[in-house]
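The values are calculated or read from the model by the stated rules, or taken from the named source; none is laboratory data. These figures come from a predicted structure and were not determined experimentally. As a convention, Cβ positions derive from the backbone with ideal geometry for all residues, glycine included, and neighbour counts pool all protein chains shown.
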Amino acid sequence: MTELVSALVILAVLLASLVGASVRVLREYERAVVFRLGRLTGQRGPGLIMLVPGIDRMVRVSLRTVTLPIPPQDVITRDNVPARVDAVAYFRVVDPSSSVVSVEDAVRATLQIAQTTLRSVLGKADLDTLLSERERLNEDLQQIIDEHTEPWGIKATAVEIKDVGIPAPMQKAMARQAEAERERRAKIINAEGEFQAAAKLADAANVISREPAALQLRYLQTLREIGGGDQASTIVFPLPIDIIKPLLDGAKGVASAPDEPANGELPEGARVGGLPEPQ
């Protein structure tokens with residue numbers, strides 16, 4: 001009786017071992033690539049799958065997006081500027097069978113492709129392009145990496161350049177360039193303002209030339225603006241030359257006229273009625 005119980009226990013243990021070796025549970029984001037006697041039979045999952053113990057072998061593959069940091073790469077741009085660039089790549093497995101059969105280590109292979117592509121693409125771009133056109137460079141990187149990883153059943157969804165490091169002397173040169181550019185813009189804006197002000201002054205002069213009274217009104221308005229403050233101020237009132245010219249001409253005529261005798265007598269040698277004075 002004891003031997004029978006021992007045999008049943010051993011049989012139950014063997015049966016439980018066989019069931020445990022043949023039953024697998026896969027999550028929603030996982031797939032199983034099954035090999036039977038070394039030959040690929042396809043992919044299975046998710047959920048509960050059954051394997052033939054001792055004959056079937058399973059490789060578990062995740063379909064979730066993988067974040068792959070790309071180590072900083074030392075590159076030299078097309079205009080011979082050294083830069084240190086680091087980036088990040090995002091990819092996911094779209095064909096589990098190809099990702100297992102076509103490549104030994106999909107993550108490591110994708111990382112190496114991303115590093116070489118980063119150095120190759122950025123080496124063909126100028127420093128200004130690298131700093132200002134990152135979106136276009138990201139698209140180029142993603143397209144090239146995706147072309148290389150497509151036979152492996154891997155889809156590169158995005159590549160983003162995180163940081164661009166340049167030497168300190170180049171940073172100072174760029175700062176001087178930006179400062180010079182701002183000064184150039186300021187001078188252009190100032191010149192445009194002077195040009196517009198000159199045009200408006202010319203228009204105002206044309207209006208005043210047609211209406212002389214407008215100049216007097218402008219004088220009075222200027223005096224009002226000067227004396228409108230609370231503090232006392234000295235006002236210089238400009239008089240037009242046309243107003244004081246008659247006074248100057250009258251004073252000049254009086255100064256040039258001959259003096260008349262005080263007693264009303266004629267001077268010696270003067271003629272009366274056009275005849276000489278009798279001797």
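Okay, residues lined up against (1) surrounded by fewer than 15 Cβ atoms within 10 Å (Cβ to Cβ); (2) farther than 29 Å from D74 by Cβ; (3) in contact with a Lys or Arg (Cβ under 6 Å, 6 or more places away or on another chain):
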| residue | (1), (2), (3) |
| --- | --- |
| L122 | no, no, no |
| I144 | no, no, no |
| K172 | yes, no, no |
| A197 | yes, yes, no |
| K200 | yes, yes, no |
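Would you say G153 is surrounded by 10 or more Cβ atoms within 10 Å (Cβ to Cβ), modelled with pLDDT of 90 or more, farther than 30 Å from N80 by Cα and in the same structural domain as F91 (by TED's automatic domain parsing)?
Considered against the rule, which asks whether it is surrounded by 10 or more Cβ atoms within 10 Å (Cβ to Cβ), modelled with pLDDT of 90 or more, farther than 30 Å from N80 by Cα and in the same structural domain as F91 (by TED's automatic domain parsing), G153 comes out as yes.
For (1) under 30 Å from R36 (Cα atoms); (2) at pLDDT below 90; (3) acidic (D, E), each residue gets a yes or a no:
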{"residue": "V101", "(1), (2), (3)": "yes, no, no"}
{"residue": "Q112", "(1), (2), (3)": "no, no, no"}
{"residue": "R119", "(1), (2), (3)": "no, no, no"}
{"residue": "D126", "(1), (2), (3)": "no, yes, yes"}
{"residue": "L131", "(1), (2), (3)": "no, yes, no"}
{"residue": "Q142", "(1), (2), (3)": "no, no, no"}
{"residue": "A175", "(1), (2), (3)": "no, yes, no"}
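Identify the residue in the stretch 1-31 that is in contact with a Leu (Cβ under 6 Å, 6 or more places away or on another chain) and not polar (S, T, N, Q) and, among all such residues, is modelled with the highest pLDDT. Steps first, please.
Looking only at the stretch 1-31, we keep the residues that are in contact with a Leu (Cβ under 6 Å, 6 or more places away or on another chain), and these are 22, 25, 29.
Restricting the remaining residues to those that are not polar (S, T, N, Q) gives 25, 29.
Details: V25: 86, Y29: 91.
Among those that are in contact with a Leu (Cβ under 6 Å, 6 or more places away or on another chain) and not polar (S, T, N, Q), it is Y29.
Name the residues in the stretch 53-81 that are surrounded by 13 or more Cβ atoms within 10 Å (Cβ to Cβ) and polar (S, T, N, Q), would you?
Once the filter is applied, which keeps residues that are surrounded by 13 or more Cβ atoms within 10 Å (Cβ to Cβ) and polar (S, T, N, Q), the stretch 53-81 yields S62, T65, Q73, T77.
Suppose we filter A186, A205 for residues that are more than 27 Å from the chain's Cα centre (by Cα), exposed (fewer than 14 other Cβ atoms within 10 Å of the Cβ) and outside the structural domain of Y90 (by TED's automatic domain parsing); which single one remains?
Only one candidate qualifies: A205.
Please work out if P46 is within 30 Å of Q171 (Cα to Cα), surrounded by 11 or more Cβ atoms within 10 Å (Cβ to Cβ) and not small (G, A, S).
Criteria not met by P46.
Which numbered condition in (1) over 24 Å from F35 (Cβ atoms); (2) in contact (Cβ under 8 Å) with a residue 40 or more places away in the chain is the only one that P151 fails?
Of the numbered conditions (1) over 24 Å from F35 (Cβ atoms); (2) in contact (Cβ under 8 Å) with a residue 40 or more places away in the chain, the odd one out for P151 is (1).
Determine whether R108 is under 30 Å from V81 (Cβ atoms) and free of Cβ contacts under 8 Å to residues at least 12 places away in the same chain.
no
Does the stretch 86-97 contain at least one residue that is under 25 Å from T116 (Cα atoms), in a helix (DSSP H, G or I) and not aliphatic (A, V, I, L, M)? Before you say what the answer is, go through the steps one by one.
Kept after step one, since they are under 25 Å from T116 (Cα atoms), are these residues of the stretch 86-97: 86-96.
Still in the running and in a helix (DSSP H, G or I): 96.
In the following step, the residues that additionally are not aliphatic (A, V, I, L, M) were identified as 96.
Looking through the stretch 86-97, at least one residue is under 25 Å from T116 (Cα atoms), in a helix (DSSP H, G or I) and not aliphatic (A, V, I, L, M).
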